Amino acid sequence: MSGEHAPSTPVAEERASLLTPFNIVTGLIVLVGLILTVLRFTKGLAGVTNLSDNNPWGIWISFDLLCGVALAAGGYTTSAACYVFGMKRYHAAVRPAILTAFLGYALVVFALHYDVGRPWRLPYPIFYSPGPTSVLFEVGLCVFLYLIVLFLEWTPSALEWLRQKRWRNLMVRMTLALTIFGVVLSTMHQSSLGALFLIAPSKLHPLWYSSYLPVFFFISSIAAGLSMVIFEGTLSHRYLHDKMDAHYLEGHDQVALGFGRGAAIVLVVYFFLKLVGLALDNNWHYLLTGYGAMYAVELLGFVALPALLYAVGVREKNLKVIRWAAVLTVLGIVLNRFNVSWFAFNWHLPAAERYFPSWMEVAVSLYIVTVGLLIFRFIATRMPIFHEHPDFKETEPEEEEPHEHEPRPHPQSFGH
Amino acid sequence: MQRRHFLGLLGATAATAVLGKPAQAGPKHFTGYPDSFGVLFDATRCIGCRRCEAGCNRVNGLPAPARPFDDLSVLDTPRRTDARTFTVVNRYSTARGPVYRKNQCQHCLEPACASSCFVAAYAKTPQGAVIWEEGVCVGCRYCMIACPFDIPTFEYWDPLAPRIMKCHLCYPHITAGTLRVPGCVGACPTEALVYGRRVDLLREARHRFHLFPGRYLDHIYGEHEMGGTNWLYISGVPFREIGLREDLGVTPAPEFTSGALAAVPIIAAAWPALLLGIYAISQAKDKAARQEKRQALREALAKAQEECQAELAKVKAKAEADKKAAIEREVKKALEEAAKAQAAKEEGE
Ligand code: SF4
Ligand code: SF4
Ligand code: SF4
């Protein structure tokens, strides 16, 4: 493809490549997803899921909600790093991270429409009948508000695409306020997702049940967010390379190194916090059971090991090692969320009464991820995500000296 | 006023009918609503006839079960409540032979289900019942996650309006006046179930401990479990042997999440301040860095200028010197030439 960064892909070119393997596979998944959607809303949850009275939450909560939200944490971590902590060299990573987070959250809400019994009542907790004693209420409220924040944070890309300079500048001016609001909301709901399980100490295995669950979920979401940025950066780099400008590409490796260092620190902190939790509840004796083995695998293989890999990768500036660490961390977060909400939940029940998803539940989750991927590609190939819009360059010097609270990066700080 | 009336009426009828003596006012310091009603289940009296199941089914108009209520082979497999069954009786083999226990909502004093519902679909009534209202339920099923007794159930087969189904202590029937005691209690042939004020039930249980030494364990399950429940159990065998968990503790469920919820306003208040502080520091650092850069530039420029000036001066001086030398040379040359000319002239003369 051409080396210049056209905001839109020529239509003809897309037509010609309609029957690529990628399109065929995604097309099939979407088709199956649509059929299952019809089934869900005609036959009920019983028609497509293995949910039961003992196991009211399945993979749509474990994966779509818990993992979805944790892995979309790249949005708040990246924008906080860039705009609050002043690490402006990560500026190029902000837009893709915001877009992924926005899509991630939108898909979480979309997925919930499949899972809850009466989806059209999803606004009820916020607008009609709030139940503030519920942790889920807090989750719902924060996710709802954060979705709006992410949308606003993303609008500059769309407005640049639509060439609405006035509105775009207005939105950019709100960056700092939005970022701080976003971090506050993320802190709350990332931790609250862990707090959801605080109410059921009798159902969750003691190795995972801890009064620190909210803290664990919050800290690990930071590691998840940083790792997802690295991981997605790698993927996008491979498949959307032609949409990237020099500014993004130049920042790409720097982002991986910087975020890798951050993730290493966060993972070490997380590791020790988990040990403190284990010690405080005096749960050491559980380590010798089957669940203990699972716990050890999670903690050593998917927290300690990636922390080590990150440290080594950053020290030797080895991007390959850093990417492996990112993949491991992401898998570790998924394993942790699965453990808390699925594998170690209802552990007191006999095996026959435990939950295992039906293929249809898995297919719906896959369908939702695919939809997200397609929308991401659609937006990233058209709007200025991996490149700066030629009319809205932030890297070129500005006339007037930006005033104190201008959150935008300064041209001097790009280290030419 | 209305509540008083209701309680007065019921207290008088139910308690006298069941206990055979007038109900007394409850003690002053009491967790949960005073004068709330509940049921006492006596496992030593239950014969596993399933009449309570049938009674519950009838008064609540639930669908007919797959196997009729007089089919006692159902007891061979343990069952739980489901969306068509608010209560089940299970048989447990124990050291004292088979023991039966009825299961249904325990009507906790501080219910996990109600505290976990994000649309407040549940209510703990002052009369004791924990009821669920269809009007606002989203169907998220968090209440099912929260309930330590695995009680709420869900109509999974309903595509658009699935309900949470569970025992409501016959609250709708009793408030409507169609029933004076819950359907299951009324159907029990052995008085294994007794309906009354919770305080009276506790007293009655202790009375039975006293009356029949050795028949019961000295524990009323539900007096303190999960902060206390309105449904109470007494038994001659350990409660865990009849399917009641003994590891639940006495902490009411809402307390498990109250700490996390209390942290919310703290985060909301402290985080922005903290983040703005960090922002200010990073800005100041940036500014300082920029200023430093500018200062360095200025200094470099000044130095360059100075050097330049010095160079210029040097060049000038050299030029001056050169000029002087050249003039001198020229003068010398001119003088020499003049001298030569003079000499030639003198020779020629
Ligand atoms: S037993 Fe379960 S459903 Fe019944 S009140 Fe207690 S928490 Fe709620
Ligand atoms: S399923 Fe209904 S009643 Fe239960 S927590 Fe959700 S909204 Fe509340
Ligand atoms: S109290 Fe009423 S709803 Fe509950 S089990 Fe008895 S009859 Fe059924």
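The values are calculated or read from the model by the stated rules, or taken from the named source; none is laboratory data. Please read these numbers as outputs of a predicted model, since none were measured by experiment. Quick reminder, even Gly has a Cβ in these numbers, built from the backbone with ideal geometry, and neighbours come from all protein chains shown. Just the protein is used for accessible areas: all its heavy atoms, side chains included, with ligands, DNA and RNA removed. Shrake-Rupley method; radii C 1.70, N 1.55, O 1.52, S 1.80 Å.
Quick notes on this structure:
- Taking the longest Cα principal axis of chain B as reference, the axis of helix B:254-348 is set at about 10 degrees.
- Area accessible to solvent at A:TRP161, 1.4 Å probe radius, in Å²: 90
- Seen from all directions on average, the stretch B:282-339 presents a Cα convex hull projection of 3.2 nm².
- Computed from protein heavy atoms with a 1.4 Å probe, the total accessible area buried between B and A is close to 5400 Å².
- Taking all protein chains together, B:CYS49, B:CYS184 sort by accessible area into B:CYS49, B:CYS184, largest first [probe 1.4 Å].
- Using every pair of distinct Cα positions in the stretch A:183-281, the Kirkwood expression returns a hydrodynamic radius of 15.4 angstrom.
- Considering only Cα atoms, the convex hull volume of the stretch A:160-203 works out to 79 Å³ per residue.
- Legend: Rg and Dmax of the protein assembly as shown, from Cα coordinates, 37.4, 175 Å.
- In the calculated pair-distance distribution of the stretch B:209-288, the portion above 19 angstrom amounts to 63 percent of the Cα-Cα pairs.
- When Rg and the Kirkwood radius Rh are both evaluated on Cα atoms of the stretch A:11-135, their ratio Rg/Rh stands at 1.07.
- log10 of Debye I(q)/I(0), alpha-carbon scatterers only, for the stretch B:42-198 at 0.17 Å⁻¹: -1.06
- The stretch B:150-225 and the stretch A:71-125: distance between their alpha carbon centers, rounded to Å: 46
- Per-residue SASA remark: B:LYS303, around 130 Å² accessible (1.4 Å probe; ligands, DNA and RNA not included).
- Rolling a 1.4 Å probe over the heavy atoms of the protein chains gives the stretch B:26-88 an accessible area of 50 Å² per residue.
- Take the Cβ atoms of A:TYR239 and B:ALA161, set R0 to 41 Å, and the FRET efficiency comes out at 0.40.
- When A:TRP120, A:TRP347 are compared by accessible area of protein heavy atoms, the largest-first order is A:TRP120, A:TRP347, using a 1.4 Å probe.
- Across all Cα atoms of chain B, the radius of gyration (one decimal) and Dmax (whole number) stand at 47.3, 175 Å.
- Förster radius 60 Å - calculated FRET efficiency between B:LEU62 and A:THR20, Cβ distance, rounded to 0.05: 0.65
- For the protein assembly as shown, carbon and sulfur atoms together expose 64% of the accessible surface, with a 1.4 angstrom probe and every protein chain in place.
- Sites A:VAL312 and A:THR37, calculated FRET efficiency, Cβ-Cβ separation with R0 56 Å, nearest 0.05: 0.80
- Solvent-accessible area of B:ARG45 with every protein chain in place, 1.4 Å probe, in Å² to the nearest 10: 60
- The stretch A:305-375 shape via C-alpha gyration tensor axes, a/c threshold 1.5: oblate
- Three principal axis lengths of chain A [C-alpha, angstrom, descending]: 68, 49, 44
- Label point distance in nm, B:ALA284-B:ARG208, each placed 7 Å from Cα along Cα→Cβ: 7.2
- Cα long-axis angle, helix A:135-161 against chain A (0 to 90 degrees, to the nearest 10): 20
- Projected label distance in nm at B:ARG79 and B:ALA273, using a 7 Å step from Cα toward the beta-carbon: 5.9
- Structure remark: mean-square fluctuation, Gaussian network model of chain B, C-alpha springs under 10 Å; the largest value among B:ALA310, B:ALA43, B:ALA83 belongs to B:ALA310.
- Cα→Cβ-extended label distance, 7 Å offset, between A:GLU250 and A:TYR128, nm: 5.4
- Estimated from helical segments only, the mean residue ellipticity of the protein assembly as shown at 222 nm is -17500 deg cm²/dmol, where each DSSP H run of four or more residues counts as -39500 (n - 2.57).
- Sequence of B:SER258, B:SER93, A:SER192 from largest to smallest accessible area, 1.4 Å probe: B:SER93, B:SER258, A:SER192
- Probing with 1.4 Å while keeping every protein chain in the model, the per residue accessible area of the stretch A:181-242 equals 25 Å².
- Per residue, the accessible area of the stretch A:68-116 comes to 21 Å² when a 1.4 Å probe rolls over the protein heavy atoms.
- Radius of gyration and Dmax over the Cα atoms of the stretch A:233-294, both given in Å: 19.6, 55
- Helix B:198-211 vs. chain B, principal-axis angle (Cα, 0 to 90°, nearest 10): 60
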